[in-house]
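The values are calculated or read from the model by the stated rules, or taken from the named source; none is laboratory data. Not measured: the values here are computed from a predicted model. All Cβ positions, glycine included, derive from the backbone under ideal geometry; neighbour counts span all protein chains shown.
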Amino acid sequence: MIRCIRCGKVHEKGSEDYFSIHGNIYIGDHGGVVGNNFPTFAREIITKGVVSMTYFCLGCFRSEVDGWIEMVELNKRTGNR
């Protein structure tokens, strides 16, 4: 059983009805915008596989990413960074 972190909908594990994010998704080399799965403690722990998973429905993932893309495009147009 896989549960979408955004809407809570349950999906069958192994189906193609959801996205699995192992780690984070970044804008450029800046902070993670989707996922937030890396532990805040010692960097060496990350290399040992202590990274969580985040799950999104297809629609929720699209909405999440679209929101960040819109923000980046707006910041570019207005000169905000």
Query raised in the report: Can you name the residue in the stretch 48-63 that is surrounded by 13 or more Cβ atoms within 10 Å (Cβ to Cβ) and in a strand (DSSP E or B) and is also modelled with the lowest pLDDT among such residues?
Result: T54
Report task. Scan (1) at pLDDT below 70; (2) in contact with a His (Cβ under 6 Å, 6 or more places away or on another chain) for the single condition D17 breaks and write down its number. Result -> (1)
Query raised in the report: Which of (1) at pLDDT 90 or above; (2) within 20 Å of V72 (Cβ to Cβ) does G8 not meet, given it meets every other one?
Result: (2)
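Say we look at the stretch 21-47 and pick out the residues that are outside any loop (DSSP other than H, G, I, E, B) and either of a type in the set (D, E, K, R) or surrounded by fewer than 12 Cβ atoms within 10 Å (Cβ to Cβ) (or both); which of these is modelled with the highest pLDDT? It would help to see each step written out before you state the result.
Our first condition is that a residue be outside any loop (DSSP other than H, G, I, E, B); within the stretch 21-47, this holds for 21-22, 25-26, 32-34, 43-46.
Okay, now just the ones that are also either of a type in the set (D, E, K, R) or surrounded by fewer than 12 Cβ atoms within 10 Å (Cβ to Cβ) (or both), so 22, 43-44.
Numbers: H22: 79, R43: 51, E44: 51.
Applying the filter and picking the extreme gives H22.
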